[in-house]
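The values are calculated or read from the model by the stated rules, or taken from the named source; none is laboratory data. Since the structure is predicted, the reported quantities are computational estimates derived from the model, not experimental observations. We place every Cβ from the backbone using ideal geometry, glycine too, and count neighbours over all the protein chains shown.
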Amino acid sequence: MSSPSVGRAWQRPQLRDDGDTPRPVGWVELFFDLVFVVIIAVLAGDLERHLDAAGLVRFLLEFVAIFWAWNGFTYYTERFESAGLENRLFVFLAILAVAGLAIWGADGLGSNYLGFAIAYLLARGLNIALWLRAARFVPRFRKPAFSFAVGFLVAVVLIVVSFTVDESIRLVLWGAAVLADIAAPAVTQRFQVTLPPISRDKFPERFGLFTMILLGETLAGVIRGVAAANTAAALTPLTMADAALGLAIGFGIWWVYFDFIARRPTRPEFTIALLWVYLHISAMASIVVVGAGVAEAIPASHATAVPGGVLAFVFGGLGATLISFGLLELTLDRSDSEPTHLRLSPGLKFAAGLVLVALAVAHPGIPVSVAFAVALVALAIQAAYGATVYFRRKV
């Protein structure tokens, strides 16, 4: 079946099969993603204020939920996007629900839990309603849609119960609820393998754009760190130099992701594509962790050693980012002309990532400049390898 017609103002869902026809990201999707700029900024600011193990756990539990809300609408658009007015109405309703996640995102699993949880249920509930609406008109998608609905129903029950318990148990129930929600697609493999493959351009591009939002927050964190240092005392050349190194870390992450990951589509098998989505959760969360660590490290430029907890976020976050990138590489489609080595390219990322994680555990007493330089070396190794194989291919 070709892509849905545009003749009717209000259109019924039709399963898209665009084949090899290029499919650009639409303006309405870009507008929808803007609300997530605010949410990520709220979560990153919350993490910077609670740069410890408890703060990290809370951030991860919130981030996974927010990512899944975004991914749910992104995947629905991939399967059933139309040019009808109903598409714009549903996007606006989604924006209203997702905006609630930003409003109550600060301490979203603490004092603002009720508002945050209800906003999540509204956002996911709208997405599930869209799946069920699609199932009504597209019999081929009924079993996957019903599976999504069952996973969400389990999440609803767990979250409702969490309203009645104390905070420690609430975190466990929230984590279980989000896990049930994100695990639902994994049981639909036998149904979805018969559907058209996901697009090789638009779906990866949406993830690239979301990654860009996260990298933008990393750069904003550096600027906040410089502003905090300037508030505490006059800026010094050392602080400015560290800020430049911090921006270079964000630039290096961008370089590695868009050189190695974003330029290639995932392999077409549904299981691999789903693994690719799950691995992006780890990669994207880790990018925000790096940004929070860098933002908090810059005001400590005058110190002889970075506080151990801050260093753990910089090294540990970047290590997890590189390891996630390496795993993502293994899910990508390889053409005959692909210049990167099947094992060496991800292996370099695994090796650098493991070294950084080991440094995060060791908590070495080093200045901010040295810590940032080490992080940049880990990124430069990947960039240098990429540049070598890409330019060698072009010669």
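What to note about this one:
- Residues in region 1-53 that are at pLDDT 95 or above and over 21 Å from residue 215 (Cα atoms): there are none.
Table: residues versus (1) more than 23 Å from the chain's Cα centre (by Cα); (2) hydrophobic (A, V, I, L, M, F, W, C).
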residue: 138; (1), (2): yes, yes
residue: 154; (1), (2): yes, yes
residue: 165; (1), (2): yes, yes
residue: 173; (1), (2): no, yes
residue: 190; (1), (2): yes, no
residue: 194; (1), (2): yes, no
residue: 198; (1), (2): no, yes
residue: 203; (1), (2): no, yes
residue: 208; (1), (2): no, no
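- Subset of region 255-303 (residues that are part of a helix (DSSP H, G or I) and without any contact (Cβ under 8 Å) to a residue 40 or more places away in the chain): 286
- Filter result for residue 83 (surrounded by fewer than 18 Cβ atoms within 10 Å (Cβ to Cβ) and without any contact (Cβ under 8 Å) to a residue 24 or more places away in the chain): no
- Elements of the type helices (runs of 4 or more DSSP H) sitting completely within region 63-177 and holding at least 2 residues that are under 24 Å from residue 273 (Cα atoms): these cover 113-137, 142-162.
- Residues satisfying the stated conditions in region 118-152, i.e. small (Gly, Ala, Ser), out of contact with any Leu (no Cβ under 7 Å at 6 or more places or on another chain) and free of Cβ contacts under 8 Å to residues at least 40 places away in the same chain: 125, 129, 135, 151
- For region 303-320, a residue qualifies if it is under 20 Å from the mean Cα position of the chain (by Cα) and buried (at least 22 other Cβ atoms within 10 Å of the Cβ), and the qualifying residues are 313, 314, 315, 316, 317, 318, 319.
- Selection over region 5-40 of residues that are over 30 Å from residue 217 (Cα atoms) and among the charged types (D, E, K, R) gives a count of 6.
- Residue match in region 231-249 (condition: within 19 Å of the chain's Cα centre (by Cα) and modelled with pLDDT of 95 or more): yes
- Flag if residue 248 is hydrophobic (A, V, I, L, M, F, W, C) and surrounded by fewer than 23 Cβ atoms within 10 Å (Cβ to Cβ): yes
- Residue in region 324-342 that is under 24 Å from the mean Cα position of the chain (by Cα) and acidic (Asp, Glu) present: yes
Quick grid of which residues meet (1) in contact with a Leu (Cβ under 9 Å, 6 or more places away or on another chain); (2) assigned by TED's automatic domain parsing to the domain that holds residue 31; (3) under 23 Å from residue 14 (Cβ atoms); (4) not acidic (Asp, Glu):
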| residue | (1), (2), (3), (4) |
| --- | --- |
| 71 | no, yes, yes, yes |
| 80 | yes, yes, yes, yes |
| 109 | yes, yes, no, yes |
| 161 | yes, yes, no, yes |
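- Considering region 20-50, the residues that are without any contact (Cβ under 8 Å) to a residue 24 or more places away in the chain and of a type outside the set (S, T, N, Q) include one that is surrounded by the most Cβ atoms within 10 Å (Cβ to Cβ), namely 50.
- From 148, 137, residue being in the same structural domain as residue 40 (by TED's automatic domain parsing) and in contact with a Lys or Arg (Cβ under 9 Å, 6 or more places away or on another chain): 137
- In the set (1) more than 28 Å from residue 132 (Cα to Cα); (2) in contact (Cβ under 8 Å) with a residue 12 or more places away in the chain, residue 53 fails one condition alone, (2).
- Residue 119 crowded, with 19+ Cβ neighbours inside 10 Å, modelled with pLDDT of 95 or more and either hydrophobic (A, V, I, L, M, F, W, C) or not assigned by TED's automatic domain parsing to the domain that holds residue 76 (or both): yes
- Residue pairs whose Cβ atoms lie under 6 Å apart, separated by 6 or more positions or on different chains, with the first residue in region 214-234 and not assigned by TED's automatic domain parsing to the domain that holds residue 48 and the second of a type in the set (Phe, Trp, Tyr) and at pLDDT 85 or above, are 215/254.
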